[in-house]
Every structure is written in structure tokens, then in C-alpha cells.
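Right, one structure below, let's go through it.
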Amino acid sequence: MESIISFDISVLTFIYENLRCAFLDGFMKFITLFGESGIFYICIALVMLFFKKTRKTGIMLSISLIIGLVVCNMTLKPIIARPRPDVFTGLTPLIERPTDFSFPSGHTVAAFEAATVFMLRDRRAGIPFLVLAILIAMSRLYLHVHYPTDIIGGIILGSISGIIAVKAVNWFCNKKNIAL
């Protein structure tokens, strides 16, 4: 465990001391907003539900976001209760310090849920979502509000949630012979 913490802190310290600049400060603060409370992805899912052509993907995205909310925010964060990086590093976050716990990164979970759903449904649509997900994950490190292992956990959880949602909706539609 000590080697994981050492790895996390060394990566964050490297980013904080070597990569910071005015352009990235502003860019990363902007990019991270796309993961804020999953609102961006919730809005996309809601809009998709109104159109027959995108309804199935909207349902998949909605289910994935619900899985992530329950598993990440309502279960893992309170159970693991990992403090934010500034507690151990003494380095000040570049945005207002989030009030919840650190592991896993909820921004990363939501972003990778969407990226996974879109990649499984339509790779061309999925690529921009995957790029955005990677940028959001990087922003959380750059802004010093998550550890690298929080991001890795978020990527894994978000990807699994997306896969489960796609498979569950496809199974249900096939089982009930429903065309969405």
C-alpha cells in the first residue's frame, strides 16, 4: 500500500512542479467542467431519449450513469473514504477542493461510462467521447484533486458500467423482442 501511495504522490508532485502553465491551468479548469456531477452526460442521455434513432443509446447511457452513481458515489467513496491529495501532499488544488472523498474519481467514471457506451454503439461517435474522457481524467490529476489510482479506478469502473449497461439493454430488448 505504501508503494501505491508513494507512486500517487510522486506523479502528482511531478505534474504540479513540471507541467503547470497558465494555458493548461485554464484549459484543464474548463475541461473538468464536462464531468461535473455527470450533468453533461445526463443532458446528452435525456436528449437522446427523445429520438427513436438514439433512444436505445440514451437508455444505455442513463443506466450506465445510474450504475456509476450507486457504485462510485454512494458505495465506494464512503466505504473507502480516501482523503483528497492535498491532505498528504500539502499542494493546493487549482480549483475549489471537492467535499467528497477521492476514490474513485466520479468525473472519470461518468466520462468513461459515456465513452464506453458510445464506443460499443458507434465507434465514430465514441472516439470524441473517448478523447474527452481522457482529457477529463487528466484534468483531475492536473488540478490536483485526484490521485492516479483514483483515475485508474474511475476508468475501470466507468468502462465496466458502460459494458454492463449495453449488454443489459441488448439482452432485455432481445428477450422481450423490443425494438427501441
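Selection of first residues in the range 14-43 that are in a helix (DSSP H, G or I) and of second residues that are surrounded by 12 or more Cβ atoms within 10 Å (Cβ to Cβ) and of a type in the set (Val, Ile, Thr), restricted to Cβ pairs under 8 Å at least 6 apart or on distinct chains, gives the following pairs, ordered by first then second residue: Tyr16/Thr89; Lys29/Ile95; Ile31/Ile136; Thr32/Ile95; Thr32/Ile136; Phe34/Ile136; Gly35/Thr108; Gly35/Ile136. Every condition in (1) farther than 30 Å from Asp122 by Cα; (2) open to solvent by less than 70 Å² (accessible area, probe 1.4 Å); (3) of a type in the set (Val, Ile, Thr) holds for Thr108 except the one numbered (1). The set of residues in the range 44-58 being over 27 Å from Thr99 (Cβ atoms), open to solvent by 30 Å² or more (accessible area, probe 1.4 Å) and in a helix (DSSP H, G or I) consists of Val47, Leu49, Lys52, Lys53, Thr54, Arg55, Lys56. In this structure, Ile63 qualifies as touching a residue at least 60 places away in the same chain (Cβ under 8 Å), under 24 Å from Gly158 (Cα atoms), buried (at least 19 other Cβ atoms within 10 Å of the Cβ) and out of contact with any Lys or Arg (no Cβ under 9 Å at 6 or more places or on another chain). Scanning the range 111-141 for residues that are under 18 Å from Gly153 (Cβ atoms) and open to solvent by less than 30 Å² (accessible area, probe 1.4 Å) turns up Ala111, Phe112, Glu113, Ala114, Ala115, Thr116, Ala133, Ile136, Ala137, Ser139, Arg140, Leu141.
Apart from one condition, Gly154 fits all of (1) over 10 Å from the mean Cα position of the chain (by Cα); (2) closer than 26 Å to Phe30 by Cβ; the exception is (1). Restricted to the range 59-141, the set of helices (runs of 4 or more DSSP H) holding at least 2 residues that are at pLDDT below 95 comprises 86-89.
Quick one: how many residues across the range 16-34 are in contact with a Lys or Arg (Cβ under 8 Å, 6 or more places away or on another chain) and either modelled with pLDDT under 95 or farther than 22 Å from Val109 by Cα (or both)?
Applying the first criterion (in contact with a Lys or Arg (Cβ under 8 Å, 6 or more places away or on another chain)) to the range 16-34 yields 32.
Okay, now just the ones that are also either modelled with pLDDT under 95 or farther than 22 Å from Val109 by Cα (or both), so none.
Of the residues in that region, 0 qualify.
For Ser161, the test of being open to solvent by less than 80 Å² (accessible area, probe 1.4 Å), in contact with a helix residue (DSSP H, G or I) (Cβ under 6 Å, 6 or more places away or on another chain) and part of a helix (DSSP H, G or I) is passed.
The values are calculated or read from the model by the stated rules, or taken from the named source; none is laboratory data. Owing to the predicted nature of the structure, the values given are computational and were not obtained by experimental measurement. Cβ: placed from backbone, ideal geometry, glycine included. Neighbour counts: every protein chain shown. Just the protein is used for accessible areas: all its heavy atoms, side chains included, with ligands, DNA and RNA removed. Shrake-Rupley method; radii C 1.70, N 1.55, O 1.52, S 1.80 Å.
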